[in-house]
Amino acid sequence: MTRRLLPLVLVALLIGALPASAGKKGPKSSLMCRDTVDEAQALQLDVNGEPATGRFAAPKQKPTTLVVFAHGYGHDSDSWVDHMKKAAAEHGVLAVAMDYRGTYEQRNEDGSVTIRGWFVKEGAEDLVAATKFFRKACPSIKQTVLFGVSMGGNASGLALAKASEETAYDGTALFDYWFNVEGAVNAVETYAGASALAPVNEFAANAKADIEQELGGTPADNPEGYRDLAVVSHIDEIADSGVKGVMVVHALEDGLVPYNQSREIVAELAARQIPVESYTVGQKGDGESGTTITGYSGQNASPFAGHASERSDTHIVMVTAFERLWALVDDEVGFGMYTERFVN
């Protein structure tokens, strides 16, 4: 697997190699916990006997917050480098993004590169492993935020569900907050949508094939596997994870992940009394539109916000999500029990 890694601080960070004598205070790892803000560093962990790669950025001072970014389809940790550097430099957090084991680069005939793979089960394990690693390596961290976009909503949601059976080195909950941004939280619906668009859309055709690769076939071949891949099937585990609040942001006109998937997860979370904030985005404002439903019919001048690129810092969906993230981190603005907001 080809990887476009930035300069290395550490070639390999093996979870099993952390000193047992560190106890509940964790090992001293100041090189990883502080002062890498100027460039995202390469990270490698051992997860189930396999190398799991990613990148991280640490602030100048000891971090008290860890933000774990979960990338979407067609992306890897490289898409999060600018976000991570900004998070560390401007907000004093330690930020990490993983690549998801199995993800690979496909070189196309025109010389371009497409990142392939819907390896969200592996991604969930990698996100949990990275969180456990940094929570132990950097004991100053008191709060962890899981932040997933698009397919990253699938991977991060499954990671949160896994956290019902996993804890940090000190016995506390792995994740305090989950940001589910335009997240693909229903694998059956995601596959159906990709299948419908596949004949006329290469992106959708690739997604369809990659979901089938992850699950060993179609929903008819493996109905239980598709159900298990859907985050909405794991609400009970999420409720048991210790999460303090969930933030959901989604555009009504999203042309890649249908808006109704966020409505499903919000309803399930609220029914279990999990504090949840839901932001529905209407018009694009001054930012780019992204992928819209109306765009498929040739209406490229749509005033509505669609599916955002996770690289963006101007699309209203990403702007809204980051504004709420920094309000939580910088100003300690917590979550109410249930809040609905419309952003237009």
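In the set 110, 35, which member is on the phi > 0 side of the Ramachandran plot, at pLDDT below 95 and not hydrophobic (A, V, I, L, M, F, W, C)?
Working: 110 fails: on the phi > 0 side of the Ramachandran plot.
Within the list 110, 35, the selection yields 35.
Give the residues of region 94-139 that are over 25 Å from residue 202 (Cβ atoms), of a type in the set (Phe, Trp, Tyr) and surrounded by fewer than 23 Cβ atoms within 10 Å (Cβ to Cβ), sorted by residue number.
Once the filter is applied, which keeps residues that are over 25 Å from residue 202 (Cβ atoms), of a type in the set (Phe, Trp, Tyr) and surrounded by fewer than 23 Cβ atoms within 10 Å (Cβ to Cβ), region 94-139 yields nothing.
Per-residue answers, yes or no, for (1) in contact with a strand residue (DSSP E or B) (Cβ under 8 Å, 6 or more places away or on another chain); (2) farther than 19 Å from residue 98 by Cα; (3) assigned to a helix (DSSP H, G or I):
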site	(1), (2), (3)
153	yes, no, yes
159	yes, no, yes
171	no, yes, no
184	no, no, no
190	no, yes, yes
200	no, yes, no
205	no, yes, yes
218	no, yes, no
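In region 123-150, what residues are touching a strand residue (DSSP E or B) at 6+ places or on another chain (Cβ under 8 Å) and under 30 Å from residue 193 (Cα atoms)?
Of everything in region 123-150, those that are touching a strand residue (DSSP E or B) at 6+ places or on another chain (Cβ under 8 Å) and under 30 Å from residue 193 (Cα atoms) turn out to be 123, 125, 126, 127, 145, 146, 147, 148, 149, 150.
I want to confirm something. Restricting to region 44-89 and keeping residues that are polar (S, T, N, Q) and part of a strand (DSSP E or B), which single residue is surrounded by the most Cβ atoms within 10 Å (Cβ to Cβ)? Don't jump to the end; show me each part of the working.
Here is the first cut: in region 44-89, the residues polar (S, T, N, Q) are 44, 48, 53, 61, 64-65, 77, 79.
Okay, now just the ones that are also part of a strand (DSSP E or B), so 44, 53, 65.
Values: 44: 18, 53: 20, 65: 23.
In this case the residue turns out to be 65.
Step by step: first the residues of region 225-277, then only those that are of a type in the set (Ser, Thr, Tyr) and out of contact with any helix residue (DSSP H, G or I) (no Cβ under 8 Å at 6 or more places or on another chain), then the one that is farthest from residue 128 (Cα to Cα). Which residue is that?
Residues of region 225-277 that are of a type in the set (Ser, Thr, Tyr), as a first pass: 226, 233, 241, 259, 262.
Imposing the further condition that a residue be out of contact with any helix residue (DSSP H, G or I) (no Cβ under 8 Å at 6 or more places or on another chain) reduces the set to 259, 262.
Numbers: 259: 27, 262: 23 Å.
Checked region 225-277; the qualifying residue farthest from residue 128 (Cα to Cα) is 259.
Do we find that residue 311 is modelled with pLDDT of 95 or more, touching a helix residue (DSSP H, G or I) at 6+ places or on another chain (Cβ under 9 Å) and either acidic (Asp, Glu) or farther than 23 Å from residue 208 by Cβ (or both) in this structure? Before the answer, list the steps.
Details: modelled with pLDDT of 95 or more: yes; touching a helix residue (DSSP H, G or I) at 6+ places or on another chain (Cβ under 9 Å): yes; either acidic (Asp, Glu) or farther than 23 Å from residue 208 by Cβ (or both): yes.
Against the criterion (modelled with pLDDT of 95 or more, touching a helix residue (DSSP H, G or I) at 6+ places or on another chain (Cβ under 9 Å) and either acidic (Asp, Glu) or farther than 23 Å from residue 208 by Cβ (or both)), residue 311 qualifies.
So the check is Cβ under 8 Å with 6+ separation or different chains; which pairs have a first residue in region 140-157 that's closer than 16 Å to residue 190 by Cα and a second one that's among the polar types (S, T, N, Q) and surrounded by fewer than 24 Cβ atoms within 10 Å (Cβ to Cβ)?
none
Of 339, 280, 314, which residue is part of a loop (DSSP other than H, G, I, E, B), β-branched (Val, Ile, Thr) and more than 18 Å from the chain's Cα centre (by Cα)?
On the way: 339 fails: part of a loop (DSSP other than H, G, I, E, B); 280 fails: part of a loop (DSSP other than H, G, I, E, B).
Testing whether each residue is part of a loop (DSSP other than H, G, I, E, B), β-branched (Val, Ile, Thr) and more than 18 Å from the chain's Cα centre (by Cα) leaves just 314.
Specify the residue that is farthest from the chain's Cα centre (by Cα); the eligible residues are those in region 199-211 that are among the aliphatic types (A, V, I, L, M) and crowded, with 17+ Cβ neighbours inside 10 Å.
Result: 204.
Which one of the conditions (1) closer than 19 Å to residue 237 by Cα; (2) part of a loop (DSSP other than H, G, I, E, B) does residue 179 fail to meet, given that it meets all the rest?
(2)
Here's a check for you: in region 115-151, which residue that is hydrophobic (A, V, I, L, M, F, W, C), in contact with a Phe, Trp or Tyr (Cβ under 6 Å, 6 or more places away or on another chain) and not in a helix (DSSP H, G or I) is nearest to residue 254 (Cα to Cα)? Give the derivation first.
Here is the first cut: in region 115-151, the residues hydrophobic (A, V, I, L, M, F, W, C) are 115, 118-120, 124, 127-130, 133-134, 137-138, 141, 145-147, 149, 151.
Those left that are additionally in contact with a Phe, Trp or Tyr (Cβ under 6 Å, 6 or more places away or on another chain): 119, 145-147, 151.
If we keep only those that are not in a helix (DSSP H, G or I) as well, we get 119, 145-147.
Values: 119: 22, 145: 24, 146: 22, 147: 19 Å.
Restricting to residues being hydrophobic (A, V, I, L, M, F, W, C), in contact with a Phe, Trp or Tyr (Cβ under 6 Å, 6 or more places away or on another chain) and not in a helix (DSSP H, G or I), the top hit is 147.
Out of all the residues in region 175-190, which are buried (at least 24 other Cβ atoms within 10 Å of the Cβ) and touching a Lys or Arg at 6+ places or on another chain (Cβ under 7 Å)?
Result: 177, single match.
Looking at region 321-336, which of its residues are surrounded by 12 or more Cβ atoms within 10 Å (Cβ to Cβ), free of Cβ contacts under 8 Å to residues at least 60 places away in the same chain and outside any helix (DSSP H, G or I)?
The answer is none; no residue qualifies.
Is it the case that residue 321 is modelled with pLDDT of 95 or more and of a type outside the set (Ser, Thr, Tyr)? Step through it out loud before you land on a result.
Details: modelled with pLDDT of 95 or more: yes; of a type outside the set (Ser, Thr, Tyr): yes.
For residue 321, the condition - modelled with pLDDT of 95 or more and of a type outside the set (Ser, Thr, Tyr) - is met.
Say we look at region 255-311 and pick out the residues that are touching a residue at least 60 places away in the same chain (Cβ under 8 Å) and small (Gly, Ala, Ser); which of these is farthest from residue 80 (Cα to Cα)?
270
Hey, residue 258 hits all of (1) in a strand (DSSP E or B); (2) surrounded by fewer than 24 Cβ atoms within 10 Å (Cβ to Cβ) but one; which does it fall short on?
For residue 258, the exception is condition (1).
Do we have residue 269 as under 30 Å from residue 327 (Cβ atoms), within 21 Å of the chain's Cα centre (by Cα) and assigned to a loop (DSSP other than H, G, I, E, B) here? Lay out the reasoning, then the answer.
Working: under 30 Å from residue 327 (Cβ atoms): yes; within 21 Å of the chain's Cα centre (by Cα): yes; assigned to a loop (DSSP other than H, G, I, E, B): no.
Spelling it out, it is not the case that residue 269 is under 30 Å from residue 327 (Cβ atoms), within 21 Å of the chain's Cα centre (by Cα) and assigned to a loop (DSSP other than H, G, I, E, B).
The values are calculated or read from the model by the stated rules, or taken from the named source; none is laboratory data. Quantities reported herein were computed from a predicted structural model and do not represent experimental measurements. Every residue, glycine as well, gets a Cβ built from its backbone with ideal geometry; the counts of neighbours run over all protein chains shown.
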